[in-house]
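Novice: Below: one structure in structure tokens.
The values are calculated or read from the model by the stated rules, or taken from the named source; none is laboratory data. From a predicted model like this one, the values you see are computed outputs, not experimental measurements. Please note: Cβ atoms are built from the backbone with ideal geometry, for glycine as well, and neighbour counts cover all protein chains shown. The area values use the complete protein model at the heavy-atom level, side chains included, leaving out ligands, DNA and RNA. Shrake-Rupley method; radii C 1.70, N 1.55, O 1.52, S 1.80 Å.
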Amino acid sequence: MTALDHVAVLARWYVALSLLAAAWGKSSGFDAFRRSLSEAFPALGRADAALAFAIVAAEWGIAAALLAGGMFVPLGALAQYGAICALALFVLFTVVVSVSILDGRAIVCTCFGASGRRMDGLDVVRNLVLIAAAGVVLLRGPLSLPWPLQSILAGLAVVGVVATVRLREL
């Protein structure tokens, strides 16, 4: 195993745990998340609930794929599909947020649960970091390391996720 392999496993944990944190936050405050979508994108109309549900379900599912595919060698392809989906989701979120910011449209951040603050350039930077991490996972392929090392990397990823979620407070 090379250092890049360790970075790829750390990146997989980081992406998966970020998605779990986002899915948990949105699930816990689902009505607030749905409302923020409706207010930011009035053209959605009644589709806001379906889109909110689809986003939350995608985040839970992609996280599960990344975790299962990374921990069990026979499911390695699952991690690759998870990385592809995570990459697509993060790129889509980044484009939507960037365009909205450039248009001056106020989008309330509900990325990791209700916060009441407007999205800004730091949210775009966070998404670019997530895109890079998902790209590393995708490029290195499915890797499985011994459990003690997985545990250490997962712990480091938790620190990264907390820093990502609480970026403004650091």
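Novice: Only helical DSSP H runs with n ≥ 4 go in: add -39500 (n - 2.57) per run for the chain, normalise by residue count and round the 222 nm mean residue ellipticity to 500 deg cm²/dmol.
Specialist: Details: 6 runs with 127 residues, N = 170.
Mean residue ellipticity, 222 nm, calculated: -26000 deg cm²/dmol.
Novice: Angle between the Cα long axis of helix 48-71 and the longest principal axis of the chain, 0 to 90 degrees, nearest 10?
Specialist: Rounded to the nearest ten degrees, it is 10.
Novice: Here is a follow-up. Taking amide H atoms as placed 1.01 Å from N in the peptide plane, list the residues 5 or more away in sequence, or in a different chain, whose amide H sits under 5 Å from that of residue 107.
Specialist: 119
Novice: Can I ask one more? Looking at the range 23-83, which chymotrypsin sites (Phe, Trp or Tyr not before Pro) are in a loop (DSSP not H, G, I, E or B) and have at most 16 other Cβ atoms within 10 Å?
Specialist: On the way: sites: 24, 30, 33, 53, 60, 72, 81; in loops: 72.
Sparse-neighbourhood loop chymotrypsin sites (Phe, Trp or Tyr not before Pro): 72.
Novice: Cα extents of the range 1-98 along the three principal axes, largest first, in whole Å?
Specialist: 50, 25, 19
Novice: When the distances between all Cα atoms of the chain are binned every 5 Å from zero, what whole-number percent does each bin get?
Specialist: Final binned percentages: 1, 9, 17, 22, 20, 13, 9, 5, 2, 1, 0.
Novice: Over the range 42-106, with the other protein chains present, what is the accessible area per residue in square angstrom, probe 1.4 angstrom? Intermediate values should be presented prior to the final figure.
Specialist: Working: 3420 Å² over 65 residues.
The answer is 53 Å² per residue.
Novice: Rounded to a whole number, what % of the accessible area of the range 1-99 do carbon and sulfur atoms account for, probe 1.4 Å?
Specialist: On the way: 3600 of 4660 Å².
Of all accessible area on the range 1-99, carbon and sulfur atoms account for 77 percent.
Novice: Residue separation times 0.36 nm, minus the C-alpha to C-alpha distance between residue 159 and residue 27: what's the value? Write out the running numbers ahead of the final one.
Specialist: Values: separation 132, 0.36 × 132 = 47.52 nm, distance 2.20 nm.
Net length gain for the segment: 45.3 nm.
Novice: Taking R0 as 35 Å, what FRET efficiency do you get between residue 151 and residue 81 from their Cβ-Cβ distance, rounded to the nearest 0.05? Let's see the in-between values first.
Specialist: Values: r = 24 Å, r/R0 = 0.70.
For R0 = 35 Å, the calculated efficiency reads 0.90.
Novice: How tilted is helix 30-40 with respect to the longest principal axis of the chain? Cα atoms for both, answer in degrees (0 to 90, nearest 10).
Specialist: 60 degrees
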